[in-house]
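Colleague: For reference, the structure I am asking about is given below.
Where a number appears in this text, it was derived from the coordinates with a stated rule and is not lab data. Keep in mind that this is a model prediction, so the values were computed, not measured. Reconstructed Cβ throughout: ideal geometry from the backbone, glycine too, with neighbour counts over all protein chains shown.
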Amino acid sequence: MGHERFVETDRNSFYGEYLYDQVVAQDHFLRKLEQVIDWKRFTRKLIRLYKGEGLVGRPPFDPALMLKVEMVAYLYNLSERQVEVYINENLPAKYFVGLAVDQKAPDHSTLTVFRERLLQRGKLKVFEEMLAEIVEIARQSGVQFGTIQIIDSVHSVANVNTAKDKKRQEKEGKEPRDGDARWGVKHKRKVKTETGKEIEQTEYFYGFKTHVSLNAESGIITSLEVTSGEAYDGHHFCSLVDHDLNQQLPVDTYAGDKGYDDGDNHYYLGLRGLHSAIHVKDNRIKKKDNNKEVWLALIETPQYQQGLKERYKIERKFGEAKQGHGFGRCRYLGSMRFGVQSFLTAIMLNLKRMVKILTGVGFKTQMDSVR
């Protein structure tokens with residue numbers, strides 16, 4: 001687009017590139033991340049959301065540059081204020097974002113305005129489209145997608161002190177700090193009491209859920225939906241399948257845990273000509289009537305058995321998101337802003353995976369990874 005008008009960065013000056021070539025190793029993760037994506041695709045996509053496409057008022061930062069700043073924040077689990085300081089002090093990060101060596105990073109308020117602009121103009125649809133764009137770029141780049149998709153949900157705790165929040169509501173009559181968050185079940189497990197009796201123990205959380213579809217072979221997140229914590233996982237299965245199929249992924253089998261073992265989900269996969277590897281509950285195959293025969297036949301299929309073997313990969317992906325990138329807790333208040341966190345986390349995880357597959361370079365979590 002010849003009429004683009006952005007803040008000048010001057011990274012491509014001789015001095016800037018010369019210094020970066022000396023400091024940022026050729027195999028640095030952020031250099032590889034800069035190379036594997038055509039970031040101008042996001043300039044063209046996102047500038048449409050700016051007033052007058054960026055031609056009104058003061059020149060904005062290139063929205064692709066702002067997206068890169070977000071990626072640095074999510075890679076290193078940094079707040080808006082922290083990522084501003086980090087980019088100013090870390091030359092590989094400054095190189096990746098596209099700034100001149102002596103140029104200051106966009107301040108934290110600019111990053112907040114960028115995020116809010118995307119929300120106001122397109123709600124979460126903009127972020128959904130960005131995730132789909134990354135999936136498409138991965139496929140165009142040669143990342144191999146397999147035939148098995150895994151669906152599961154992961155919880156994130158609301159950015160709320162629930163004890164204090166309850167006290168404020170009861171004693172001061174105040175509204176909840178996060179009115180969109182809800183109590184949900186984290187997990188149920190069997191435990192033994194002091195007397196040796198086995199009981200089921202339920203652990204709860206207050207917050208939100210992200211419902212995710214992951215391609216087993218590539219390790220790429222292809223679709224996601226965000227809900228409050230109490231949502232029933234099984235109700236989000238079919239819409240994730242639809243979203244995957246709209247992207248023309250080469251899928252023929254869907255795997256999921258027992259939380260998705262709903263007759264409607266099995267039936268829907270059959271309607272779409274897909275195999276089910278949803279983990280069948282024990283009571284289905286312990287029935288004394290003839291209805292169990294269809295379930296016994298299902299669990300004998302090679303697609304079912306292979307799908308169950310792949311399910312661990314999505315749990316591993318959730319562990320990566322929580323342990324390395326702070327996804328266990330919400331960054332912001334409200335379901336819409338948590339949705340931003342979910343999509344940007346998924347995009348960042350996909351970019352990490354793409355760099356690893358396409359270049360062999362893994363991401364180092366050390367904050368001081370300047371070489």
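Colleague: By counting other Cβ atoms within 10 Å of each Cβ, how are HIS235, HIS155 ranked from fewest to most?
Modeller: Numbers: HIS235 15, HIS155 20.
Least crowded to most crowded, the residues run HIS235, HIS155.
Colleague: Still on this model: Can you check what the net charge comes to around VAL83, using other residues whose Cβ is under 14 Å from the Cβ of VAL83 (Lys, Arg +1; Asp, Glu -1)?
Modeller: Details: positive: LYS68, ARG81, LYS94, LYS104, ARG115, ARG331; negative: GLU70, GLU80, GLU84, GLU89, ASP107.
My count for the surroundings of VAL83 gives +1.
Colleague: Kindly provide the helix-only [θ] at 222 nm of the chain, computed as the sum of -39,500 (n - 2.57) over DSSP H runs of four or more divided by all residues, to the nearest 500 deg cm²/dmol? Intermediate results must be reported in sequence, preceding the final value.
Modeller: On the way: 16 runs with 176 residues, N = 371.
Theoretical 222 nm ellipticity from helices: -14500 deg cm²/dmol.
Colleague: I would also like to ask the following. By average Cβ neighbour count within 10 Å, what is the ranking of 309-317, 193-201 from highest down?
Modeller: Details: 309-317: 16.7, 193-201: 7.6.
The packing order, highest mean first, is 309-317, 193-201.
Colleague: Follow-up question, since we're still on this one. Treat every Asp and Glu Cβ in the chain as -1 and every Lys and Arg Cβ as +1, leave all other atoms uncharged, and give the resulting dipole magnitude about the Cα centre to the nearest 20 debye.
Modeller: On the way: 58 positive and 51 negative charges, 151 e Å.
Result for the chain is approximately 720 debye, rounded to the nearest 20.
Colleague: Ranked highest first by the average count of other Cβ atoms within 10 Å around their residues, in what order do 95-106, 274-285 fall? List each step's numbers first, then the result.
Modeller: Working: 95-106: 20.1, 274-285: 18.1.
So the order, starting with the most tightly packed, is 95-106, 274-285.
Colleague: In whole Hz and in residue order, list the ³J(HN,Hα) couplings for region 193-206 that follow from phi through the Karplus curve 6.51 cos²θ - 1.76 cosθ + 1.60, θ = phi - 60°; x for Gly and Pro.
Modeller: Each residue's phi maps through the Karplus curve to give 6, 4, 8, x, 6, 8, 10, 8, 10, 10, 10, 10, 9, 10 Hz.
Colleague: How far apart, in nm, are two points set 7 Å out from the Cα along the Cα-to-Cβ line at GLN82 and at HIS187?
Modeller: So the label points at GLN82 and HIS187 sit 2.5 nm apart.
Colleague: A follow-up question, please. Under a GNM of the chain (C-alpha, springs under 10 Å), which listed residue has the highest mean-square fluctuation: GLU172, GLU84, GLU34?
Modeller: Comparing GLU172, GLU84, GLU34 in a Gaussian network model of the chain, the most mobile one is GLU172.
Colleague: Let me ask something else about it. Taking θ = phi - 60°, what integer Hz values does the Karplus form 6.51 cos²θ - 1.76 cosθ + 1.60 yield along region 272-284, in sequence order, with x for Gly and Pro?
Modeller: 8, x, 10, 8, 9, 10, 6, 4, 6, 5, 4, 5, 6
Colleague: Additional query: Ranking VAL154, VAL23, VAL212 by Cβ neighbours within 10 Å, fewest first, what do you get?
Modeller: Working: VAL154 21, VAL23 15, VAL212 24.
Taking fewest neighbouring Cβ atoms as first place, the list is VAL23, VAL154, VAL212.
Colleague: Say the dipole of region 130-359 comes from +1 at the beta carbon of Lys and Arg and -1 at that of Asp and Glu; which of ILE285, THR227, LEU245 then lies farthest toward its positive end?
Modeller: Among ILE285, THR227, LEU245, the one farthest towards the positive end of the dipole of region 130-359 is THR227.
Colleague: Can you tell me the order of 140-150, 341-351 when each peptide is scored by its average per-residue count of other Cβ atoms within 10 angstrom, highest first? Don't skip to the end; give the middle numbers.
Modeller: Details: 140-150: 17.5, 341-351: 23.5.
Highest to lowest by the protection proxy: 341-351, 140-150.
Colleague: Also: Anything over 26 Å Cα to Cα? Flag those among LYS317/LYS356; LYS104/LYS317; LYS32/LYS125; LYS188/LYS317; LYS94/LYS352, in the order listed. Before the final figure, lay out each step's value.
Modeller: Working: LYS317/LYS356 14 Å; LYS104/LYS317 34 Å; LYS32/LYS125 28 Å; LYS188/LYS317 21 Å; LYS94/LYS352 18 Å.
Among LYS317/LYS356; LYS104/LYS317; LYS32/LYS125; LYS188/LYS317; LYS94/LYS352, the Cα-Cα distance tops 26 Å for LYS104/LYS317; LYS32/LYS125.
Colleague: How are the alpha carbon pair distances in the chain distributed across 20 Å bins from zero to the largest one, expressed in percent?
Modeller: Cα pair-distance distribution for the chain, in percent: 25, 52, 20, 2.
Colleague: At a Förster distance of 51 Å, what's the computed FRET efficiency of ALA163 paired with GLN247, Cβ-Cβ distance as r, to 0.05?
Modeller: Working: r = 43 Å, r/R0 = 0.85.
FRET efficiency, ALA163 to GLN247: 0.75.
Colleague: While we're looking at this one, here's another question. Could you list which residues have their amide H under 5 Å from that of ALA255, counting only those 5 or more apart in sequence or on another chain, with H placed in the peptide plane?
Modeller: GLN149, ILE150, ILE151, ALA277
Colleague: Using the Cα atoms as the points, what is the convex hull volume per residue of region 14-122 in Å³?
Modeller: Working: hull volume 12.1 nm³, N = 109.
Dividing the Cα hull volume of region 14-122 by its residues yields 111 Å³.
Colleague: Listed here are the pairs LYS209/LYS364; LYS258/LYS322; LYS258/LYS309; which of them are more than 21 Å apart at the Cα? Provide the component values of the computation, followed by the final result.
Modeller: Working: LYS209/LYS364 28 Å; LYS258/LYS322 23 Å; LYS258/LYS309 14 Å.
Listed pairs above 21 Å: LYS209/LYS364; LYS258/LYS322.
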